[in-house]
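Below you'll find the structure, written out as structure tokens, and then a few comments.
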Amino acid sequence: MTQTDDTQAALSYTSYLALDEVLGAQRPRSDEHDELLFIVIHQVYELWFKQTLHEAEFLQSNLEAGNTAHAIRTLRRILTVLKVIVAQLDVLETMTPSQFTSFRARLDQSSGFQSAQFRELEAVLGRRDERVFAHYPEGGEQRERIAAAMRRPSVFDSFLKYLANSGYAVDGERDVTRPVAPSPELQAVLLKVYQDDGGPSVVAECLVDLDEGMQEWRYRHVKMVERTIGDKTGTGGSSGATYLRTTLFHPMFPDLWAVRSKL
């Protein structure tokens, strides 16, 4: 095969996108019509989680480098992806409870609670909760990825570094393995950021949008579970909607919300 032929083969639509593998990755365990929809939607979620993690890493590097324009563009991309993720629930909700029940038993112990990428994304955004490890065996690759994310600076930590590099008096000695706690001192700095009304204030508002988007996802997820299985136990043994309701209205960036009453 000539180099030209090899290049053309590599750039074909099917081979470049690995469509044989992607389209062969849906393996329903029943003959129920709606199981394929369930699988496709969750696989697409995982692809979007992968992309969001990719963008979050890029966001942090741009924040820490003080690149305001790139940070804002990346945040806006993440926000757009989040809107798509939330909108996908509309498709999932076309499946009635009885349609889901028709194949639910085939899921065995598999559950969305086991999505390691989503748990990693939560950690990247600042969640520090070792209870999530209950779904992942010790020593496993997925558990280590989540644990590593909990040990690294979060998106908010990168934002604090960005503010410090922009000339604001931010204390850079925070323990990044601990969850972000509200700080009156930081809120005073953020008040100055908003009063200056420059690039950092735009970044701050985009982070509020991101926080709100994640809370919207959690709310819509809870309502989808409630309308599909009510308060039944989840397939992975979780308490299902009962647990999910406890995750609502907990901001990732509490200081960005607290400062609003002072603006």
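Only Cα pairs under 8 Å and 6+ residues apart enter the sum, and on that basis the relative contact order of the chain stands at 22 percent. Rounded to the nearest 20 debye, the dipole size of the chain about its Cα centre is 600 debye, using +1 on the Cβ of Lys and Arg and -1 on the Cβ of Asp and Glu. Per residue, the convex hull spanned by the Cα atoms of the range 48-190 amounts to 138 cubic angstrom. Given a Förster distance of 22 angstrom, what is the FRET efficiency for Arg178 paired with Ala134, based on the Cβ-Cβ distance and rounded to 0.05? Efficiency at R0 = 22 Å is approximately 0.60.
Stretched out straight at 0.36 nm per residue, the stretch from Glu226 to Tyr168 would grow longer than its current Cα-Cα span by 16.4 nm. Stretching Arg260 away from Tyr16 to a fully extended chain increases their span by 83.1 nm, per 0.36 nm per residue minus the current alpha-carbon distance. 3J(HN,Hα) along the range 84-98: 5, 4, 5, 5, 4, 5, 4, 5, 4, 6, 6, 8, 6, x, 5 Hz, from the Karplus curve 6.51 cos²θ - 1.76 cosθ + 1.60 with θ = phi - 60°, whole Hz, x for Gly and Pro. Apolar share of the accessible surface for the range 25-174: 52 percent from carbon plus sulfur atoms, 1.4 Å probe.
Find out how many positive minus negative residues lie around Gln142, taking Lys and Arg as positive, Asp and Glu as negative, among other residues whose Cβ is under 14 Å from that of Gln142. Each step should come with its number before you reach the end.
Values: positive: Lys50, Arg119, Arg143, Arg145; negative: Glu46, Glu120, Glu122, Glu138, Glu141, Glu144.
Net of charged neighbours comes to -2.
Could the peptides 82-93, 204-215 be put in order, highest first, of the mean number of other beta-carbon atoms found within 10 Å of their residues?
204-215, 82-93
In order along the range 160-177, phi translates into HN-Hα couplings of 5, 5, 4, 5, 4, 6, 8, x, 8, 7, 9, 6, x, 9, 6, 6, 6, 7 Hz, rounded to whole numbers, per the Karplus curve 6.51 cos²θ - 1.76 cosθ + 1.60 with θ = phi - 60° and x for Gly and Pro. Considering only the Cα atoms of the range 98-176, their convex hull presents on average a projected area of 7.5 nm². Partners of Lys262 within straight-line reach, counting lysines whose Cα lies under 21 Å from its Cα and excluding those fewer than 8 residues away in the same chain: Lys192.
Using the average count of surrounding beta-carbon atoms within 10 Å as a protection proxy, the listed peptides 19-27, 125-133 rank, highest first, as 125-133, 19-27.
Per the helix-only calculation at 222 nm, which mean residue ellipticity applies to the chain, given -39500 (n - 2.57) for every DSSP H run of n ≥ 4 and division by its residues, nearest 500 deg cm²/dmol? Please report the intermediate quantities before stating the final value.
Numbers: 13 runs with 167 residues, N = 263.
Computed ellipticity for the chain at 222 nm equals -20000 deg cm²/dmol.
A convex hull fitted around the alpha carbon atoms of the chain yields 169 Å³ per residue.
The values are calculated or read from the model by the stated rules, or taken from the named source; none is laboratory data. The shown structure was predicted, so the numbers you read here are calculated from the model rather than taken from an experiment. Methodologically, a virtual Cβ is constructed for each residue, glycine included, from the backbone with ideal geometry; neighbour enumeration extends over all protein chains shown. Areas reflect the complete protein model, heavy atoms only, side chains present, ligands, DNA and RNA absent. Shrake-Rupley method; radii C 1.70, N 1.55, O 1.52, S 1.80 Å.
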